[in-house]
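*Asks:* The structure that follows is given in the form of structure tokens.
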Amino acid sequence: MGVTVSATGLFEGRALRATRAPRETTARRLSGIAVVGLGYWGPNWVRNLVALQAASRLAVCDYDPLRRARAASLYPNVETAGCLEQVLDDSEIEGVIVATPVSTHYPIARQVLEAGKSVLVEKPLATSVRQAAELVELARRKGQVLMVGHTFEYSAPVLKAQALIADGELGEVFYLSSVRANLGLFQQDVNVAWDLATHDVSIALFLLGQVPQTVSCQGRAHYRPDVEDVAMLTMDFGCGLVAFIHASWLDPNKVRRTTIVGSRQMLVYDDTAASDKIRLYDKGVSIDSYRDVYDDFQFAYRQGDIRIPRVEEWEPLSLECQHFIDCVRRRAVPRTDGLNGLRVVSVLEAAQSSLRRGGIPVPVEIPRI
Ligand SMILES: NC(=O)c1ccc[n+]([C@@H]2O[C@H](COP(=O)([O-])OP(=O)(O)OC[C@H]3O[C@@H](n4cnc5c(N)ncnc54)[C@H](O)[C@@H]3O)[C@@H](O)[C@H]2O)c1
């Protein structure tokens, strides 16, 4: 048995049905915005903020002078800062995007919120449920926007898959299976579950519209003690619905594939495909139980057409960036708000606990805030 996902049944009724490319908005520009962390990922934020002309002033912050110099050479109007305090002391900076290593998310986000500014924290929101819950509470107390960088919840194929599931195209959803594997990039401070599987947990919770009851996780650390480079998570949602996630930094091929199997159709989302990232397979199984003896069930396999739904693509980070700016302007609750981040961290923390206990199922407990 699986589940039927309702059209508006996502958390707190904020299902997203956006299937358009991002629009330019004419609302007021922010007085200032900042990006902290100019390593591998931060420069993508800077590029999008520049393209969107989101704020009158754009500041970038990194300890590393070479990384600051590179940003300044690419974008001469961008201001640079060598430490977070410079950004926090600047009253014109209304929002801060945190693209630093995972273990620094919580202390930096807390400082930003304490300084009375809105914050977007890259995934995952924090490294523990306690930290994530504290950030949600702090943002509420300060009346600031707290958003988490669950990028795939802004991607066109994921939004399309969610719409197809919610419209009942797949029928009853039986299971979801995701693979996110490639060679590297090894992280210093978190294992592959907190790094790569975060994306798939966020995608699965978004597509299925619910939080698993338990998570079990197995993994192995081949290069650095206790930093697993390969992991397999099983999320049990009850009612027969299950999701499997395989995450690896040790794979010869880059794979980003999610399969969702339903009673009516099956959906495959391949994010590495150059085009046609979503395919719907009219395949399935039915049982003709016309005989009255248990062993005599006859399986009939349906091998129908493969359909490629039209998906208008855009850069997910651009939509995410625009959404953060709009939320800061309007003081609105983001789609991937602190509670969304807390749910994903709750799953990851349960997975971590399972990993340390030989893969036993661990309940996912989300604190009420
Ligand atoms: N959404 C996505 O698809 C996606 C993709 C990749 C990475 N990420 C996330 O982006 C974040 C950064 O990842 P990365 O691979 O770019 O890391 P990185 O190690 O390459 O870069 C981090 C940068 O932050 C700087 N930094 C660290 N602490 C700082 C501080 N207190 N003040 C100023 N600068 C500081 C470092 O000097 C470094 O330049 C992580 O949270 C990661 O999970 C998200």
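Bear in mind that the values in this text are calculations on the coordinates, not laboratory data. What you see is a predicted model, and the numbers here were worked out from it, not measured in a lab. Backbone-built Cβ (ideal geometry, glycine too); neighbour counts: all protein chains shown.
*Asks:* In the stretch 254-369, if every C-alpha pair distance is counted and binned at 5 Å from zero, what percent goes to each bin?
*Replies:* With a bin width of 5 Å, the distribution comes to 2, 9, 10, 9, 12, 14, 14, 14, 8, 4, 2, 1, 1, 0.
*Asks:* Amide H neighbours of residue 364 under 5 Å, counting only residues 5+ apart in sequence or on other chains, H built in-plane at 1.01 Å?
*Replies:* When sequence neighbours closer than 5 places are left aside, the close amide H contacts are 214, 215.
*Asks:* Cα convex hull of the stretch 134-256: how many Å³ per residue? Mind showing how you got there, number by number?
*Replies:* On the way: hull volume 17.7 nm³, N = 123.
Given the Cα convex hull of the stretch 134-256, per-residue volume reads 144 Å³.
*Asks:* Something else: Just to check I understand the Karplus step: with θ = phi - 60° and J = 6.51 cos²θ - 1.76 cosθ + 1.60, what whole-Hz values come out for the stretch 353-369, glycine and proline as x?
*Replies:* Along the stretch 353-369, the couplings run 5, 5, 4, 6, 10, x, x, 6, x, 10, x, 8, 10, 10, x, 7, 10 Hz.
*Asks:* Taking Cα pairs under 8 Å and at least six residues apart, what relative contact order does the stretch 98-190 come out at, in percent?
*Replies:* Working: 88 pairs, mean separation 24.9, N = 93.
Relative contact order comes out at 27 percent.
*Asks:* On to the next question. Can you pull out the chymotrypsin sites (Phe, Trp or Tyr not before Pro) in the stretch 268-369 whose DSSP state is coil and whose Cβ has at most 12 other Cβ atoms within 10 Å? Numbers along the way, then the final one.
*Replies:* On the way: sites: 269, 281, 290, 294, 297, 299, 301, 314, 324; in loops: 290, 297, 314.
Qualifying residues, ordered by number: 290, 297.
*Asks:* So what is the calculated 222 nm ellipticity per residue for the chain, using -39500 (n - 2.57) for each DSSP H run with n of 4 or more, over all residues, to the nearest 500 deg cm²/dmol?
*Replies:* So the helix-based figure for the chain works out to -9000 deg cm²/dmol.
*Asks:* Tell me, Kirkwood radius of the stretch 42-138 from alpha-carbon pair distances, in Å?
*Replies:* 14.0
*Asks:* Express the relative contact order of the chain as a whole percentage, based on alpha carbon pairs under 8 Å and six or more residues apart in sequence. Show your work: numbers first, answer last.
*Replies:* On the way: 811 pairs, mean separation 76.2, N = 369.
Answer for the chain is 21 percent.
*Asks:* Could you give the distance between the Cα centres of the stretch 55-105 and the stretch 284-363, to the whole Å?
*Replies:* 34
*Asks:* Picking from 131, 298, 111, which is most flexible by a Gaussian network model of the chain using Cα springs under 10 Å?
*Replies:* Greatest mean-square fluctuation among the candidates belongs to 298.
*Asks:* Per residue, what volume in Å³ does the convex hull of the Cα atoms of the stretch 195-249 enclose?
*Replies:* Working: hull volume 3.8 nm³, N = 55.
Once divided by residue count, the hull of the stretch 195-249 is 70 Å³.
*Asks:* Report, to two decimal places, the Cα Rg of the stretch 59-215 normalised by 2.2 N^0.38 Å (N = number of residues). Intermediate values should be presented prior to the final figure.
*Replies:* Details: Rg = 18.3 Å, N = 157, 2.2 N^0.38 = 15.0 Å.
Ratio of Cα Rg to 2.2 N^0.38 Å: 1.22.
*Asks:* P(r) for the chain: what percent of alpha-carbon pairs falls in each 10 Å bin, starting at zero?
*Replies:* 5, 23, 32, 25, 11, 3, 1, 0
*Asks:* Per residue of the stretch 275-288, what does 6.51 cos²θ - 1.76 cosθ + 1.60 with θ = phi - 60° give for ³J(HN,Hα)? Whole Hz please, x for Gly and Pro, Karplus curve as stated.
*Replies:* In residue order, the calculated couplings are 8, 6, 6, 10, 10, 10, 9, 7, 10, x, 10, 9, 10, 8 Hz.
*Asks:* Take every Cα-Cα distance within the stretch 123-204, group them into 5 Å bins from 0 onward, and report for each bin the whole-number percent of pairs it holds.
*Replies:* 3, 11, 17, 19, 17, 15, 12, 6, 1
*Asks:* Of all DSSP beta bridges located in the chain, what percent are antiparallel, nearest 5? Could the numbers behind the result be given before it?
*Replies:* On the way: 46 of 74 bridges.
Given both bridge residues lie in the chain, the antiparallel proportion sits at roughly 60 percent.
*Asks:* Identify which of 234, 151, 272 has the largest mean-square fluctuation in a Gaussian network model of the chain, with springs joining Cα atoms closer than 10 Å.
*Replies:* Answer for the Gaussian network model of the chain: 272.
*Asks:* Using DSSP to define loop residues, name the GluC sites (Glu not before Pro) in the stretch 39-109 whose beta-carbon has at most 14 other beta-carbon atoms within 10 Å. Walk me through the numbers on the way to the answer.
*Replies:* On the way: sites: 79, 85, 92, 94; in loops: 92, 94.
Listed in order of number, the matching sites are 92.
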